[in-house]
Each structure stands twice: as C-alpha cells, then as structure tokens.
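The values are calculated or read from the model by the stated rules, or taken from the named source; none is laboratory data. This one's a predicted model, so the numbers in the text were calculated from it and none came from an experiment. Cβ sites come from the backbone with ideal geometry, for glycine too, and all protein chains shown count toward neighbours.
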Amino acid sequence: MSTTQRFIPKVPAASWGAMVVLWLVFAMNSTVRELFNRTSPLMVGEFQIDADSMGLYGTIMQIAMGLLPLLFTTWSDKKGQGWQRKYSMIWVAVGYMVLTFLVGLGFVSSGIIVIVVLLTVRNLFAGAGESLECTAIIEWWPKEARGWAAGLHHTGYPWGTLVTGLIISVMLAKTNNDWRMPFLIMPLVAIPIWIVYWKFSSKKNFESYQEKSSAMGLTPTLDSADSREEMELSKREGNLMRCLKNSNVVAATIVTIIALVMFLGINFWLNPYLAFVAEYDYGQAAAYSLLYTITGGLGQVIWGRISDYIGRKTSLLFCFAWLAIWVLFLPQVKAGLGALVGIQLAIGFCENALFALIYAMVQDSAPKGAIGTAMGLNVTASIVGAFTPAILGGLIAAGGGWNSANGYQTGVVFMCGCMIVGFLIILLFSHETIGKRRGKDWALVSFRSSGIEDARGR
C-alpha cells in the first residue's frame, strides 16, 4: 500500500522525530497564547474589568498575531531553511516565552494595562512563531504526506492546550486561584522541549530524512522540482493580483475571517459563561472550557483526510452547517455535565477542521508560484477576525454584563449567523478543487476564475 493510500503515511523515522518535537514546540506556543483566556475570570475579579474592556483587550492581542508573520517568515527563509530553521525560530520563541514569564511576576503585572501591553507584544512573537513552526514541520516531511503532516502538527492546538489547560486548572486549585503562577511555570516547561528540538534539528538528521525519502520513492520538500519552480515563479511581479483574481482564494480568505469568529468566539465566550452564569468554580471553568479540544484535534486530521476524497468545498459546507446548528446549543452547557461535555465535543468536531480545510483549498487553488502569497492573504485576513472578542464583549455588556445570560445569548446568535454566511460564500463563490466533483459542481463564479477546468463535457 502506497503512502498516498494509507491513512497514516509511511515516511522516514526522522519525519516522525520532527513531528514529536515540533508538535511540542507548537503546543507550548499555543498554551502561552491561551493563558489570558484561561485565567480571564480571575483577572476580571482582581482588576474589576467590564465585558467591553475585556473584549477590547482580547481584540488588540489577536490583531498583534497577524502583524508580523510574513516579515519573520521572509527573514527566516534567508537565514536558513530545513534543519537551519531553528536559528531564526529560537529568537521568536525567546521573545514570546520571556514576555509571558514577565506577566507572572507580581511586581510587573500590577495593572491590567501593563499586562495587555506585555501580552500584545508577546503575540507579535507568538504569531510569527506559529508561522515558522508550521513551516518547519512541512520541511521535515515528504511532499506526498505534507497535508496530513500539517493537520497532525496543528493538533498542538487544541490537543496540546487541552493537556496544559488541565495542568493550569490544577495549578489554580493548588495555589488558591493564583492566576500568575501559570504565566511563570509554562515558559519554564518550554526550555527542555527547546533543548531537545535544538539537538534533533541537525544537518545529519535532515540529510538522513532526505536520503531515506528518496529511497522510499518520496519527494523531500526542499528537493522537489515543484518547490524550485515555485520559488522562481514567486519572484515575478503580480502574484498578489493573480491571487485576488482567483475566486477560490478570495472566498477561502473571507471565510478564514468567519472561521476565526467561531474559534475566537468560543474561546472568549465559554470560560466567563461557565464562571459567571453557570457558576462553576474558576478552576473548573478553566478545565471544562477545554473539552471541545478533544474532538477539535481529531476533526483536523479526519476532515483533512476526508476532504481528499469528497473535496474541500463539500467538507467545508458540511462543517459550516454543523457549526451553525450546534453553536445555538451553547447556552445549554449550564444544564449539567452531560450537556457541557456533549455540546463541546460536537462543536469541536468541526471547529478547528475549518482551518485545515481552508488552507487545503487555498493551496489547491493558488496560481502556480503564488502559494505563499495566497496563504499570506489568509494571515492578513486574521486581523479582521480579531475583532470578534470586542464584538462579543460589547454584546455581553449590552445584555447586562458578565452575570447576565442575555448578552451571551445574543453572542451565540451572532456566531450562528456568521456560520451561515460562511456556508453561503463557499457554496456560491468557490468551486471544488479535488475529488469526483472537481470541475462539475455549481457556483455563481466560473470555473476559470477559480483556476479549475470545466469537466462537465459542455
């Protein structure tokens, strides 16, 4: 059975080694980014922050995530690729870990404005770190399995944050809800992980991966003829305009914003709802708000693989419809543990998968030599989606504040509406890129505008 036919591909051992260490690196990056959400009820209590302000702070920090990835990735490409990627990644990691650690120091984080400033600067590094970490894993995996590898690696969020979130809840319980403790401990946990990655990412291991990939009939990413051709084409002018003329790329970029509404919305909405409306203990709220991550990781891997057969568009339509229905049940999580678990698991099944499917559609559809530019549009779009916490914070405040269920109900309707809009955009303005329906589906835009050949025999 060939690699392309297996659900779990057969690749060199070095590829799996890279997966383990880079998964841990990415999981720690994701964890420190989530600390603000996980400890937000305690910060609200200490600094008396209203919902409007909390939403604004979350928005500012999320915007910072999308400002520097392209700049840092370009710099990293020049500094060294493959095993040498670590030389640029380390500086970014030091930036986001040190700034996280500073928030854990009481004499530094004595006011919410100082905390927001530190975490905003931290997110400048963390956003760049994510782009570099996701690039690095692709360079350690052969071309034939890069999509599957990207999906598995990205389960560092949410599976990584699920594990560390449980650890954080234990920390809060053992320290009488001292929210600063996780900010101190988590950056220290990253140190041994980085030591292991630094030693693993060597010229010897990387050359072994390349040689064994070729021996297995696979194509090392950095050695592929396609990669070299794309690098040459990417130097030509006009890539951005070519991407903007591609309806699939534009549609996928727009729904990236909508996918972020659900992703950021759940993260902002759920923890305070459990703490202030359902009246769970703060530590319990931090732990229970992570349950959807169990199926979130599975969804990324499973839906990515399913889309190889039924198509990206078809898979996206199902996921948007599924989320539009299940998000309406969110307020019922206060009904009991069964509802809390079941509803979160149902949402998680498709929530994180949206990003894997969107990225796959972009990579399938991008004009030749312009994949990087097309993905860059998605990074830029994330800045727009970053306003979700501010919107939800305003809706919660207008509905009576943190302790009133009314504002949370309005927020749920807002997220449901966004999922319906995402469904319609994909249905009307994109074409299938893979599978039996490629070149045969219906949309308002032409196949040519999507870079797809018409296969209907007309």
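Laid out as a table, the results:
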{"quantity": "Qualifying positions in the stretch 375-406 - buried (at least 22 other Cβ atoms within 10 Å of the Cβ), of a type in the set (A, V, I, L, M) and farther than 24 Å from Ala252 by Cα", "calculated": "Leu395, Ile396"}
{"quantity": "Sole residue being farther than 30 Å from Gly17 by Cβ, at pLDDT 90 or above and in a helix (DSSP H, G or I), chosen from Val117, Val108", "calculated": "Val117"}
{"quantity": "Residue list for the stretch 442-458, filter: surrounded by 19 or more Cβ atoms within 10 Å (Cβ to Cβ) and on the phi < 0 side of the Ramachandran plot", "calculated": "Ala443, Phe447, Ser450, Ile452"}
{"quantity": "Restricting the stretch 282-301 to residues that are of a type in the set (A, V, I, L, M, F, W, C) and modelled with pLDDT of 85 or more, the residue that is farthest from Arg180 (Cα to Cα)", "calculated": "Val301"}
{"quantity": "Hits in the stretch 116-126 - residues which are in contact with a Ser or Thr (Cβ under 9 Å, 6 or more places away or on another chain) and over 13 Å from Asn37 (Cα atoms)", "calculated": "Leu118, Arg122, Ala126"}
{"quantity": "Members of the stretch 209-230 that are part of a helix (DSSP H, G or I) and at pLDDT below 90", "calculated": "Thr221, Leu222, Asp223, Ala225, Asp226, Ser227, Arg228, Glu229, Glu230"}
{"quantity": "Hits in the stretch 168-188 (condition: of a type in the set (A, V, I, L, M, F, W, C) and either under 19 Å from Phe107 (Cβ atoms) or touching a Cys at 6+ places or on another chain (Cβ under 7 Å) (or both))", "calculated": "Trp179, Met181, Phe183, Leu184, Ile185, Leu188"}
{"quantity": "Residue that is surrounded by the most Cβ atoms within 10 Å (Cβ to Cβ), among those in the stretch 172-208 that are touching a Lys or Arg at 6+ places or on another chain (Cβ under 8 Å) and in a helix (DSSP H, G or I)", "calculated": "Pro182"}
{"quantity": "Count of the stretch 342-352 residues which are surrounded by fewer than 20 Cβ atoms within 10 Å (Cβ to Cβ) and either under 19 Å from the mean Cα position of the chain (by Cα) or outside the structural domain of Thr256 (by TED's automatic domain parsing) (or both)", "calculated": "2"}
{"quantity": "Test: residue in the stretch 379-389 that is over 23 Å from Thr293 (Cβ atoms) and in a loop (DSSP other than H, G, I, E, B)", "calculated": "yes"}
{"quantity": "Among the residues listed as Leu102, Leu35, the single one being more than 19 Å from the chain's Cα centre (by Cα) and of a type in the set (A, V, I, L, M, F, W, C)", "calculated": "Leu102"}
{"quantity": "Residues of the stretch 309-341 that turn out to be modelled with pLDDT under 90, surrounded by fewer than 17 Cβ atoms within 10 Å (Cβ to Cβ) and not aromatic (Phe, Trp, Tyr), as a count", "calculated": "8"}
{"quantity": "Test for Asn246: is it more than 30 Å from Pro389 (Cβ to Cβ), assigned by TED's automatic domain parsing to the domain that holds Ser315 and modelled with pLDDT of 90 or more", "calculated": "yes"}
{"quantity": "Qualifying residue in the stretch 407-414 (condition: among the aliphatic types (A, V, I, L, M), under 24 Å from the mean Cα position of the chain (by Cα) and surrounded by fewer than 16 Cβ atoms within 10 Å (Cβ to Cβ))", "calculated": "yes"}
{"quantity": "Val44 being out of contact with any Lys or Arg (no Cβ under 8 Å at 6 or more places or on another chain), in contact (Cβ under 8 Å) with a residue 40 or more places away in the chain and β-branched (Val, Ile, Thr)", "calculated": "yes"}
{"quantity": "Where a residue in the stretch 355-380 is among the acidic types (Asp, Glu) and its partner, wherever it lies, is modelled with pLDDT of 70 or more, with Cβ under 8 Å and at least six apart", "calculated": "Asp364/Asn248; Asp364/Arg312; Asp364/Thr433; Asp364/Ile434"}
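Condition check ((1) touching an Asp or Glu at 6+ places or on another chain (Cβ under 8 Å); (2) modelled with pLDDT under 85; (3) not in a helix (DSSP H, G or I)) across all residues:
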{"residue": "Pro9", "(1), (2), (3)": "yes, yes, yes"}
{"residue": "Tyr57", "(1), (2), (3)": "no, no, no"}
{"residue": "Leu70", "(1), (2), (3)": "no, yes, no"}
{"residue": "Thr74", "(1), (2), (3)": "no, yes, no"}
{"residue": "Asp77", "(1), (2), (3)": "no, yes, no"}
{"residue": "Val98", "(1), (2), (3)": "no, no, no"}
